[in-house]
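Quick note: the coordinates plus some simple rules give every number you see, no bench work behind them. Keep in mind the model is a prediction, meaning the values are calculated, not measured. Because the Cβ atoms are built from the backbone with ideal geometry, glycine has one as well, and the counts that use them run over all protein chains shown.
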Amino acid sequence: MKPLSQMSKENIKKIKMIVFDVDGVLVPRGTKIKQIGNTTTLETKVIHEKQIKQIKELNKKGFLINISSGRGLYMLQEMFREILPFVSLTYENGSATWYQGKIYQHINSFKYLKDIFPKLKKATSKNKNVKGFEPKEFIITIHCTKKIKEIENIVKKEKGLVTIWNGEAYDVLIKKSQTKALGLRHVIKIFKLKKENIMAIGDNYNDQELLEESGIPISADKSRVDGKFYVPLKGTLLPADNLMQKILSLN
């Protein structure tokens, strides 16, 4: 991998769309969640004013912007309310995409998750290491203070499902099919693009397949994902900030 500083105008001449992961890239990592009985409280992070200006500037220069996240649509719309006219949102690990008020569903996970959800709720109801279930449509997300074997074992018994641990939560989803790569392949079709037209940046394990589906993959955490270029995760600037500054400087 090369450092972002070595990216040239020649490298990005075919790029028409930039795909951003959210946590750890556009906003700081970490989700504050609290669940008591049937009441769930979630902290809503909001994109910084500087990144809002950068995204609007990229849009003016002709770049399409896609935000790809494991979060649910409602949460993403709240986080990025000020830039919704300028972006598309691919949510819940590639399950669906929102663009200009229209929703494109990429996978149907209902039959896979309908029976396991109550099992997971029952098994974790008294576990103090479980912080809560994040509201989702197409995947199950369980926030925990640490890995919990009971959750992993329940999912292993269900045919076709897998758990992905990101350091603070489990995502339960359809094995091999329900990935950010699936979402990007559909987005490419929606916007009539090619793989070579896509630049994608991510920092976590569930971003690797997303990056591999792009023409120019950017790693925001070399310890977790690979790319052609990398942006330092640590420092005063978020990886998306660094990347957008670089692209704008080349145009």
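List of remarks:
- For R71, the residues 5 or more places off, or on other chains, whose built amide H falls under 5 Å of its own are E92, N93.
- Our compactness index for the chain, the C-alpha radius of gyration over the empirical 2.2 N^0.38 Å, is 1.00.
- Ellipticity at 222 nm from helices only: DSSP H runs of n ≥ 4 in the chain, each -39500 (n - 2.57), divided by the residue count, give -7500 deg cm²/dmol.
- In the frame of its principal axes, region 110-174 has Cα extents of 29, 18, 16 Å, reported largest first.
- Cα-based shape type of region 60-154, given that a ≥ b ≥ c are square roots of the gyration tensor eigenvalues and the cut on a/c is 1.5: prolate
- Taking amide H atoms as placed 1.01 Å from N in the peptide plane, the amide H of I140 lies under 5 Å from those of V172, each 5 or more residues away in sequence or on another chain.
- Couplings for region 51-68, taken from phi via the Karplus curve 6.51 cos²θ - 1.76 cosθ + 1.60 with θ = phi - 60°, read 5, 4, 5, 5, 5, 5, 5, 4, 4, 4, 7, x, 7, 7, 10, 10, 10, 10 Hz in order; Gly and Pro are left as x.
- Restricting the calculation to Cα atoms, region 45-88 yields a radius of gyration followed by a Dmax of 10.3, 29 Å.
- For region 206-251 versus region 96-114, the spacing of their alpha-carbon centroids is 26 Å.
- Where labels lie 7 Å past Cα in the beta-carbon direction, separation of E82 and K128 in nm: 4.1
- Highest-first arrangement of 215-221, 156-162, 187-193, where packing means the average Cβ count within 10 Å: 215-221, 187-193, 156-162
- Residues T145, T90, T163, ranked from the fewest to the most other C-beta atoms within 10 Å, line up as T145, T163, T90.
- Region 41-103: trypsin sites (Lys or Arg not before Pro) falling in loop per DSSP and having at most 14 other Cβ within 10 Å: K61
- For region 184-194, backbone phi angles converted through the Karplus equation (6.51, -1.76, 1.60; θ = phi - 60°) give residue-by-residue couplings of 5, 4, 6, 4, 4, 6, 4, 9, 6, 10, 10 Hz, Gly and Pro being listed as x.
- Euclidean distance between Cα centres, region 142-166 to region 67-92, Å: 26
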